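Right, one structure below, let's go through it.
Derivation of every value follows stated rules applied to the coordinates shown; laboratory data play no part. Worth saying up front: this structure is predicted, and the values here are computed from it rather than measured. Counting neighbours? That spans all protein chains shown, and the Cβs are built from the backbone with ideal geometry, glycine included.
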Amino acid sequence: MSITSIWFIIFILLAMVVYYIVPKRFQYLVLLAASIAFYLSYGIGYMPYILATTVITYAGARIFGNPEYKHRKAVMVVTLLLSLGLLCYTKYTNFLLGTLDKLAGGGKIEMIDLVVPLGVSFYTFMSVGYILDVYWKKYEAEKNFLRYATFIMYFPHIVQGPIDRYNKLAPQFFGGKKFDFQRMVSGGELILWGFFLKLVIANRLGMFVDTVFGDVTAHGGAVWLVTLALYSIQTYADFLGCMEIARGTSLLFGIDLERNFDHPYFAKTIPEFWRRWHMTMGAWFKDYLFLPVSNSSFVKKTSKKLGKKFGAKARKNFVSCFSVAVVWLSTGIWHGAGWKFIAWGCYHGCLTIGGTLFGDKIDKLTAWLKINTKTKSWELFQMTRTLLLCCFGRIFFRANSISEAFLIMKQMVTRLEIWKLVDGSLYELGLDRANFMVAILSIVVLWCVSMLQERGSVREMIAKQNLVFRYLILYIAIFAVLIFGIYGPGYVASSFIYEQF
C-alpha cells in the first residue's frame with residue numbers, strides 16, 4: 001500500500017475512526033493492528049523478519065533489564081548480534097557472496113534468493129537503540145509485549161523512519177488521545193505538503209535523472225552537472241515528502257514524530273549538512289557508535305600514546321578522526337550492500353576528517369586573505385560550496401557501480417558540452433519543456449517554503465490568516481498535486497528512494 005495512494009488515505013481515515021471510538025486504554029492496540037495490516041499489504045513474506053526482531057529484542061531486554069541478573073552483558077551481546085544478524089543476513093549475504101565469487105573468478109558461487117524486508121534497517125536500528133538504552137539503564141525494559149511491538153511496527157515510520165527512540169515515542173502511544181480538530185488540520189496540511197514534494201517534484205525530477213543515468217556514455221559535463229543538481233533535489237524532496245506524510249499521519253493520531261530534516265541545503269559546512277539531513281540517523285550514529293568508539297579502550301590507549309609522542313592536538317585529532325571514520329564507513333554500509341555506498345561513505349568521511357585536520361589552517365588562510373566572513377556573500381559561498389560537494393558525492397550514490405561513477409567523472413572532465421544547456425537538448429531527456437518548467441517552478445516553491453520555515457511554522461502562519469486565504473492555499477495545493485503530480489498506471493509512485501535502505 002503506497003503512502004501516496006488513495007488507498008492509504010482511506011486506510012488512515014478508517015483507522016482514525018476506530019482509534020477515537022475505542023476506549024483510550026485500547027488505542028495503542030488499534031495502532032498495532034493498523035501497523036500489522038499496513039505491513040502485510042507490502043507482502044506477507046516480510047512479517048516473519050520484523051516479528052523475529054521484535055520477539056528477540058523484547059525477550060533479551062526483559063532478561064538483561066534485570067539489574068541483579070549476573071550475565072547481563074552476555075545476554076545483551078547475544079540479543080544485539082541476533083538483531084543485527086537478521087539485518088546483515090537479508091541485506092548483505094548476496095553482496096558478500098558476489099564479492100567472493102568475483103575473487104574466485106566468477107560463476108562459481110550461486111546467489112541466495114533472499115527477501116529484504118521493508119524498512120529492515122530502520123526498525124533494526126530502533127531495536128538496537130532500545131537494547132543499548134535498557135542495558136545502560138536509561139529506562140526499564142517494557143514488560144508488555146504488545147506495547148513494545150507497537151513501537152517497532154508503528155506504520156508511519158516503518159517505511160523510511162525517522163529512527164525513533166523508545167523513551168520519546170512509546171509514551172505517546174499509551175496516554176490516551178482526544179480528538180483535536182486543529183491537529184487534524186495540521187496533520188492534513190503536512191500530508192498534502194508531502195504529496196506535493198513526492199508526486200510533483202521528486203517523481204518529475206526522477207524521470208529526467210533516470211533517463212540520463214540510463215545511458216552514462218551519452219552525456220557530457222554540462223548535462224551531468226544539471227542531473228546531479230536535480231538528483232540532489234529529487235532525493236531531498238522524495239525523503240522529506242515521506243517524512244512529512246509520516247509526521248502528518250501521526251498528528252492525526254495525536255502523536256508527534258521527530259523531525260528528520262532542517263533545511264540541509266542551507267548548511268555552510270559538510271558536518272552541518274549532516275546535522276540537518278536525516279537527523280535521527282545522525283543522532284543514532286552519534287549516541288550508539290561515535291561516542292562508544294570514542295570512549296573505547298582501544299581509542300583511549302592509542303590516543304594516549306600519540307599524545308605522549310606528538311602532543312595533545314594529535315591525541316584529540318586521533319579520537320575525532322578515527323571515530324568519524326568508523327561512523328562514515330558504517331553509514332555507507334547501512335545505506336546499501338555495494339562498494340559504491342562504501343565509497344560514498346568514505347568520500348564524506350574524508351571531507352569531515354579534512355575539515356577537522358585543516359580547519360584552523362583554512363581559517364588562518366581566510367584571515368590572511370582578509371576575507372570578511374561576516375557577510376552574506378561569504379555565507380552564500382559556503383552554502384554553494386557545501387551544495388556542490390554533496391552533489392558531487394551523489395555520483396557514487398546513484399551510479400550502478402564504482403566504475404560507472406568514475407566513468408561519469410571522466411565524462412564531466414573530457415566532454416563539457418556547455419552548449420547543451422541552451423540548445424534545447426535538455427528537453428529530450430525525460431522531461432519536455434512544459435514539464436521542465438513545472439519542475440523549476442516547483443523547486444522555487446520548495447525554496448520559498450523553506451525560507452519561510454526558517455522563520456517559524458508555515459502551518460501556524462497560514463492558520464493566522466483569514467478563512468478565504470486559508471481555503472485558497474488549500475485548494476491551490478490540492479489541485480497542484482492532482483494536476484501536476486506524476487502518478488497513475490505505468491508509474492511506480494510507491495517507490496521511495498530510501499525504501500531500499
Hey, can you rank 478-487, 292-301, 106-115 by average C-beta count inside 10 Å, highest first? 478-487, 292-301, 106-115
Among F179, F285, which comes first, then next, by fewest other beta-carbon atoms within 10 Å? F179, F285
Would you mind putting 90-100, 464-474 in packing order, based on average other-beta-carbon counts within 10 Å, highest first? 90-100, 464-474
What's the exposure ranking of E454, E68, E417, going from fewest to most Cβ atoms within 10 Å? E68, E454, E417
Just how far, in whole angstrom, is the range 74-92 from the range 299-339 if you go by their alpha carbon centroids? 24
Provide the gained length on full extension for the span A33 to I362, in nm with one decimal, where the gain is 0.36 nm per separating residue minus the Cα-Cα distance. 112.9 nm
One finds the C-alpha centres of the range 177-234 and the range 95-172 to be spaced, in Å, by 26
How are the C-alpha pair distances of the chain spread across 20 Å bins, as whole percents from the shortest bin up? 20, 53, 26, 1
By average C-beta atoms within 10 angstrom, highest first, the peptides 426-437, 346-357: 346-357, 426-437
With -39,500 (n - 2.57) per DSSP H segment of 4 or more residues and division by the full residue count of the chain, the 222 nm estimate, nearest 500 deg cm²/dmol, is -22500 deg cm²/dmol
Cα-Cα over 18 Å: which of K24/K177; K137/K168; K138/K286; K286/K309; K313/K374? K286/K309; K313/K374
Can you put Y20, Y135 in order of Cβ neighbours within 10 angstrom, beginning with the fewest? Y20, Y135
Counting only complete DSSP H runs, which helices of the chain cover 27 Å or more along their long axis at the Cα atoms and score a mean Kyte-Doolittle of 0.0 or above? 72-103, 221-252, 312-335, 339-368, 376-398, 433-453
